[in-house]
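Just so it is clear, none of the values below were taken in a lab; they were calculated from the coordinates. Every value quoted in this text rests on a predicted model; they were computed, and no experiment measured them.
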């Protein structure tokens with residue numbers, strides 16, 4: 001059955017407002033998944049399912065190309081009162097990333113049979129440990145292109161994300177002492193502070209001519225040590241979040257970490273061990289792929305200016321799919337990325353509605369560009 005639905009701007013805004021009223025921190029997305037399943041049913045999607053980890057997956061259209069439109073349903077903790085003020089719609093997830101997710105849903109609803117197949121996904125746990133996307137990667141989905149819904153601003157298309165290594169570093173000194181006689185032993189917390197600072201310096205040196213998007217960075221995010229208020233600590237554990245630019249990889253950075261940890265431990269006269277908590281390779285999409293060209297045309301048609309292709313300093317679901325499936329992938333969506341995770345998160349209603357139009361036109365252009373590419377081949 002070939003069903004297309006005209007989604008009015010009023011309906012699109014009302015549905016985003018409803019989505020924002022559902023408070024969905026990571027791994028508590030069930031209400032949002034059921035809400036989206038209902039909407040998909042109303043809008044003529046087929047094969048609607050909620051998978052074993054809680055992702056909602058639905059299909060619209062038929063034929064080639066096969067395009068994955070994937071946004072995430074979870075939000076960071078902290079409620080924001082849902083309200084409209086002028087052109088702004090407030091609510092937790094307004095920018096990150098329910099506006100991009102709903103924009104993709106309503107753009108996909110416009111697809112007719114034989115104009116391409118959309119696989120729409122609302123993923124769980126993107127703000128956590130990426131349970132949703134890791135489960136999706138295991139499925140044998142035959143996909144030509146993928147778009148991830150994150151706030152980029154409608155005149156920017158994200159083509160690259162940094163990779164990430166999170167490590168736990170444990171520093172152990174030979175003994176502990178009474179706090180009244182601190183000279184009797186080394187202090188593991190103080191040593192850990194020096195150690196993480198030296199490790200950061202060793203990883204980040206020699207990058208004076210790099211832009212922020214191409215910097216290898218190391219950030220101390222957690223530190224735990226000590227057993228009593230009057231005893232010097234013998235052990236201290238620290239977490240480091242290391243972001244890896246697209247011209248490096250996890251393996252080369254890991255080798256550098258191993259060498260530095262060994263050298264610093266010897267120099268400081270302490271024991272040090274590290275373990276890897278998370279490992280995500282960096283990813284950059286080819287700039288000349290049909291999907292980047294389709295977005296360029298879609299943005300130009302609605303906004304009358306070329307979009308900027310940007311590299312982000314964070315890490316996203318795009319890294320996982322792009323590296324595993326080796327397909328052209330971009331990240332795009334209405335919303336200001338600087339609104340993400342803020343205490344009064346909001347999105348521009350006008351931008352959200354224009355984002356839907358850009359996505360619709362992009363899907364139309366992608367069909368044409370894909371067919372042309374296949375004919376040339």
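Some values worked out for this structure:
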{"quantity": "Choice from 190, 284, 17 showing the highest fluctuation, given a GNM over the chain with Cα pairs closer than 10 Å", "calculated": "190"}
{"quantity": "DSSP beta bridges in the chain [antiparallel fraction, %, rounded to 5]", "calculated": "70 percent"}
{"quantity": "Candidates 160, 99, 33: whichever shows maximal mean-square fluctuation once the chain is modelled as a Gaussian network with Cα springs under 10 Å", "calculated": "33"}
{"quantity": "Relative compactness, the range 163-280, computed as alpha-carbon Rg over 2.2 N^0.38 Å", "calculated": "1.15"}
{"quantity": "Crossing angle, helix 290-303 versus the chain [Cα axis fit, 0-90 degrees, rounded to tens]", "calculated": "70 degrees"}
{"quantity": "Spatial separation of Cα centroids for the range 90-110 and the range 167-200, in angstrom", "calculated": "48 Å"}
{"quantity": "For the chain, the spread of Cα positions along each principal axis, largest first, Å", "calculated": "79, 48, 38"}
{"quantity": "C-alpha long axis of helix 250-268 to longest principal axis of the chain, angle in °", "calculated": "20 degrees"}
{"quantity": "Degrees, to the nearest 10: 30-42 long Cα axis against longest axis of the chain", "calculated": "20 degrees"}
{"quantity": "Alpha-carbon centroids, the range 300-336 and the range 121-161: separation in whole Å", "calculated": "10 Å"}
{"quantity": "GNM result for the chain, Cα springs below 10 Å: residue of 185, 64, 305 fluctuating most strongly", "calculated": "185"}
